[in-house]
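The values are calculated or read from the model by the stated rules, or taken from the named source; none is laboratory data. Because the structure is predicted, anything quoted here is derived from the model rather than measured. Note that each Cβ is placed from the backbone with ideal geometry, even for glycine, and that neighbours are counted across all protein chains shown. To get the accessible areas, we keep the full protein, side chains included, count just its heavy atoms, and leave off ligands, DNA and RNA. Shrake-Rupley method; radii C 1.70, N 1.55, O 1.52, S 1.80 Å.
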Number of protein chains: 2
Amino acid sequence: MHCDHTASAEQLVDIAEQRCRELGVRFTPIRRRVFELVSDTPGGLKAYELLDRLSTEHASARPPTVYRALDFLMEQGLVHRIESQNAFVACPCPEPRPDHHGGFQLMICRACGRVEEMHRLEVTALMSQLVAEHGYTLERQTVELVGLCPDCRSAA
Amino acid sequence: MHCDHTASAEQLVDIAEQRCRELGVRFTPIRRRVFELVSDTPGGLKAYELLDRLSTEHASARPPTVYRALDFLMEQGLVHRIESQNAFVACPCPEPRPDHHGGFQLMICRACGRVEEMHRLEVTALMSQLVAEHGYTLERQTVELVGLCPDCRSAA
DNA sequence: ACCAGTGACGCAATAGTATACCACTTCGCC
DNA sequence: GGCGAAGTGGTATACTATTGCGTCACTGGT
């Protein structure tokens, strides 16, 4: 299977649930709800926006509630953090084993906030080669590309 | 001239001063001192660490003092932000015109915190090509590569 | 030398992001 | 049923960053 990145939010939740079952980790109601909220928002969500939404149904939610859920979801590779925006997006293409996850790249529209995720092996390969030239190893890569999406470009 | 990235902190300050003169912007004492402090710290500095150090000589310094100086220095391309660490590093290779600045890449050792900066055109080229395939334009790229530096690798 | 305009700084307050800590509950396993 | 590990509730606090406004200092034009 190659990821096509066309799964709906509902499908992503199903896949996530399935994956957690396989991995023997718990997809609790809070974690599920947080994942649903993030999946429903194409441009990603800030932690406190998430908290606001979660609070409407889950009055006891506090910052640790949402950060704990996000930490869990990131460990499983179901959610990624957008470092340059302090925001979180659902991975459209969750890999079976989070630790085997190669790198990913985010494309972010500065006008509409849309975020798309890519998993391009040639990027990881180039990065590995680059750091190797300096004697480094590569363990993690953050690649965030900001520009205009096709829609915003033609609108301008 | 091709950047060799071997300039000492003092040399970087001289270059920065020269550049500001050319651009007609003011390299004030606060900005200079902040730049010196950042240049002196190979692994980058957090804003509040910077504030602590600045305060010892400049008692009136407050958060806006340091953030304003950092904003200025980033506009000039003299300092970069490490998004994944909320930290700031001096650019070892300041380009004459900040807006002509191609992308840069940061290599970060997770063990010792050392940071090295690269300006590799092939990375920018690959990123441009990638986003173009999705109809995007590329305006800004954040590339942060985390791993082990040669020293820490042999120490382990 | 004067003055107006702009940009830099001082200072206080507050917004926004994230974690530590401890008690209690639930789950999975023996 | 009892045990250990994991998850949650709840408070407090740490850390990161910005807004707003008044004042001062430099710049360029006269």
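Quick notes on this one:
- In chain B, the longest principal axis of the Cα atoms and the axis of helix B:9-23 are about 90 degrees apart.
- Residues whose placed amide H lies under 5 Å from that of B:Lys46, excluding near-sequence neighbours: B:Phe88
- Electrostatic dipole magnitude of the stretch B:52-156 [Cβ: Lys, Arg +1; Asp, Glu -1; Cα centre; debye, to 20]: 260 debye
- Here the stretch A:102-155 carries DSSP beta bridges of which approximately 50% are antiparallel, counting only pairs with both residues inside.
- Of A:Leu54, A:Leu73, A:Leu23, the one that fluctuates the most in a GNM where chain A has Cα springs shorter than 10 Å: A:Leu23
- Rounded to the nearest whole angstrom, the semi-axes of the ellipsoid equivalent to the stretch B:9-96, taken from the Cα gyration tensor as √(5λ), stand at 19, 15, 11, largest first.
- Using alpha-carbon coordinates, inclination of helix B:47-57 to the longest axis of chain B, degrees: 30 degrees
- Dipole of the protein assembly as shown, positive end: most advanced residue of B:Val146, A:Gln85, A:Met127 [Cβ charges, Cα centre]: A:Gln85
- Helix-only [θ]222 nm of chain A, DSSP H runs n ≥ 4, -39500 (n - 2.57) each, per residue, nearest 500: -13500 deg cm²/dmol
- Solvent-accessible heavy-atom area per residue, rounded to whole Å², over the protein assembly as shown at 1.4 Å: 51 Å²
- Of A:Tyr48, A:Tyr67, A:Tyr136, the one that fluctuates the most in a GNM where chain A has Cα springs shorter than 10 Å: A:Tyr136
- Bridges between two residues of the protein assembly as shown, per DSSP, are antiparallel at a rate of about 75%.
- Vicinal HN-Hα couplings computed from phi for the stretch B:150-156 (Karplus, 6.51 cos²θ - 1.76 cosθ + 1.60; Hz; Gly/Pro x): x, 4, 5, 5, 6, 5, 8
- Three-way shape label, chain B, alpha-carbon gyration tensor, a/c 1.5: oblate
- Against the empirical 2.2 N^0.38 Å (N residues), the stretch B:12-54 has a Cα radius of gyration ratio of 1.21.
- The stretch B:25-38 - phi-based ³J(HN,Hα) in whole Hz, Karplus 6.51/-1.76/1.60, Gly and Pro as x: 10, 9, 8, 6, x, 5, 4, 4, 5, 4, 5, 4, 4, 5
- Inter-copy label distances at A:Glu17, shortest first and taken from points set 7 Å along Cα to Cβ: 6.7 nm.
- About the Cα centre, charge dipole magnitude for the protein assembly as shown (Lys/Arg +1, Asp/Glu -1 at Cβ), debye: 760 debye
- Centre-to-centre separation between the Cα atoms of the stretch A:44-86 and those of the stretch B:1-71: 35 Å.
- Identity and axial distance of the chain B residue whose Cβ lies nearest the axis relating B to A, Å: B:Glu83, 2
- Build a GNM of chain A with springs between Cα atoms under 10 Å apart, and of A:Gly103, A:Gly24, A:Gly44 the one that fluctuates most is A:Gly24.
- Dipole magnitude for the stretch B:102-155: about 180 debye, using +1 per Lys or Arg Cβ and -1 per Asp or Glu Cβ, origin at the Cα centre.
- The spread of Cα positions in the protein assembly as shown, taken along each principal axis and listed from longest to shortest, comes to 58, 53, 42 Å.
- Scattering curve values for the stretch A:104-156, log₁₀ I(q)/I(0), Debye with Cα scatterers, q = 0.24 Å⁻¹: -0.86
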